[in-house]
Amino acid sequence: MLSYDSKRKCDWLKDMKQYTDQHIIKSWKKNVQPWVAAVREGEIEDRLLFTNQAIINAISSKTPKTVLDIGCGEGWLVRELVNAGIHSFGIDAIPGFIEYAQSAGGGNFKAISYEEISSHTFKEKFDVAVCNFSLLGHECVNHVFKQVATLLTRNGFYIIQTIHPVMACGESTYEDGWRAGSWRGFSNQFSDPAPWYFRTLESWKLLFIQNNFKLHEILEPLHPATHKPASIIFIGQLDS
Ligand SMILES: C[S@@+](CC[C@H](N)C(=O)[O-])C[C@H]1O[C@@H](n2cnc3c(N)ncnc32)[C@H](O)[C@@H]1O
């Protein structure tokens, strides 16, 4: 019989093999409508309470003229930035999200996956590239990190908001790896939750440093009721 530790290790190895970045795309394709409803009808409490404002503040603090929103979903952040007078461009792998974003107006949007990003993808360079809860995969995230420096203006910023690794770790061991997804807390319109790739704080830091960014700031916005950090914001600056 397997010991508890060996069984955990086996389950972990099974998950590592079973999940890929393509599962994430498949899942988002299925969940376009419920996600648009959740964002536009204010169903995600943390976003209303603090994470939306936290990412807007982080971007605004760098006074950019141009912003690229990578994994923009239905486009709420681009619309906010355009309203604040910042020229903004949103990209996402899922054409359904881009159609919703384009029909709401405000900003430029294009269906481009992380895997397709390269120095030739855009005619312009951006002062800030942002990923708001959109870096969920493994190899595709490494690819974005490798390419993003080529999309930024001199000393440009790369700003990422993601789930706080310490808070998100749960019962699992604190090490990088795929985790099963869940739509807990969302409406029953959602199906087939996407797996996601957990990274420790150290691994996030390394991604910045190994890809020619200085880690300029790490912010831990607190949930106003629990005073726990539900998200973390990394602000990297191109080391040119
Ligand atoms: C949790 S949603 C966040 C959307 C948006 N940033 C927001 O704040 O509402 C994650 C987004 O990442 C996008 N995404 C995931 N993997 C992607 C990939 N490989 N290429 C492009 N977009 C991807 C999904 O389509 C989805 O829109």
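Using θ = phi - 60° and the Karplus form 6.51 cos²θ - 1.76 cosθ + 1.60, what ³J(HN,Hα) does each residue of the range 185-190 get, whole Hz, x for Gly and Pro?
After applying 6.51 cos²θ - 1.76 cosθ + 1.60, I find x, 9, 5, 6, 6, 7 Hz.
Compute log10 of I(q)/I(0) for the range 186-240 with the Debye formula, placing one identical point scatterer on every Cα and leaving out solvent, at q = 0.14, 0.16, 0.21, 0.26 Å⁻¹, to two decimals.
-0.59, -0.70, -0.89, -1.00
Considering only DSSP beta bridges whose two residues both sit in the range 66-110, what percent are antiparallel, to the nearest 5?
For the range 66-110, the DSSP antiparallel bridge percentage is about 0.
Restricting attention to the alpha-carbon atoms of the range 37-92, what are Rg (one decimal) and Dmax (integer), both in Å?
11.3, 31
Kirkwood Rh over alpha-carbon pairs of the chain, then Stokes-Einstein at 4 °C and 1.567 mPa s: what D in µm² s⁻¹, rounded to an integer?
Diffusion coefficient, whole number: 70 µm²/s.
If amide H atoms are built 1.01 Å from N in the plane of the peptide, which residues on other chains or at least 5 residues away come under 5 Å of the amide H of residue 153?
Result for residue 153 returns 126, 127.
Going by a ≥ b ≥ c, the root eigenvalues of the Cα gyration tensor, does the range 124-239 fall in the rounded group (a/c under 1.5), the prolate group (a/b larger than b/c) or the oblate group?
Prolate shape, in that a/c is at least 1.5 and a/b is the bigger ratio.
Assuming 0.36 nm per residue, please report the length gained on full extension of the stretch residue 182 to residue 60 beyond their Cα-Cα distance. Display every interim value, and only then the final one.
Numbers: separation 122, 0.36 × 122 = 43.92 nm, distance 3.19 nm.
The span from residue 182 to residue 60 would gain 40.7 nm if fully extended.
Hey, got the dipole for the chain? About the Cα centre, +1 on K and R Cβ, -1 on D and E Cβ, debye to the nearest 20?
Values: 24 positive and 26 negative charges, 47 e Å.
The dipole of the chain has a size of about 220 debye.
Picking from 70, 56, 117, which is most flexible by a Gaussian network model of the chain using Cα springs under 10 Å?
In the Gaussian network model the winner is 56.
Determine the alpha carbon to alpha carbon distance for each of 110/205; 26/214; 30/214 and list only those over 31 Å.
Over 31 Å apart, Cα to Cα: 26/214; 30/214.
Once phi is turned into θ = phi - 60°, what whole-Hz ³J(HN,Hα) does the Karplus curve with 6.51, -1.76 and 1.60 give for every residue of the range 157-166, x standing for Gly and Pro?
Couplings: 10, 10, 10, 10, 10, 8, 5, 5, x, 5 Hz.
So how do 220, 41 line up by other beta-carbon neighbours within 10 Å, fewest first?
Arranged by neighbour count, lowest to highest, 220, 41 become 41, 220.
Antiparallel as a % of all DSSP beta bridges within the range 102-215, to the nearest 5?
So the antiparallel bridges in the range 102-215 amount to around 35 percent.
Multiply the residue separation of residue 41 and residue 124 by 0.36 nm, subtract the distance between their alpha-carbon atoms, and state the gained length in nm to one decimal.
Working: separation 83, 0.36 × 83 = 29.88 nm, distance 3.32 nm.
Extra length available between residue 41 and residue 124 comes to 26.6 nm.
How high is the relative contact order of the range 59-210, in percent, with contacts defined as C-alpha pairs under 8 Å that are six or more residues apart?
Relative contact order for the range 59-210 comes out at 19 percent.
Arranged by the count of other C-beta atoms within 10 angstrom, fewest first, what order do 46, 92 take?
Sorted ascending by nearby Cβ count, the order is 46, 92.
So in the chain, what percent of DSSP beta bridges are antiparallel if you round to the nearest 5? Don't jump to the answer; show the numbers that get you there.
On the way: 17 of 35 bridges.
Taking every DSSP beta bridge within the chain, about 50 percent pair in antiparallel fashion.
Compute the label zone of residue 113 within the range 125-141: residues whose backbone N is under 15 Å from the point 7 Å along Cα-to-Cβ.
Output list for this probe position: 136-141.
Once Rh is set to the Kirkwood radius over Cα pairs, what Stokes-Einstein translational diffusion coefficient, in µm²/s, holds for the range 141-187 at a temperature of 20 °C and a viscosity of 1.002 mPa s?
154 µm²/s
None of the figures in this text is laboratory data; all of them are computed from the coordinates on show. Remember, it's a predicted structure, so these values are computed and weren't measured experimentally. Cβ coordinates were reconstructed from backbone atoms using ideal geometry, including for glycine residues, and neighbour counts include every protein chain displayed.
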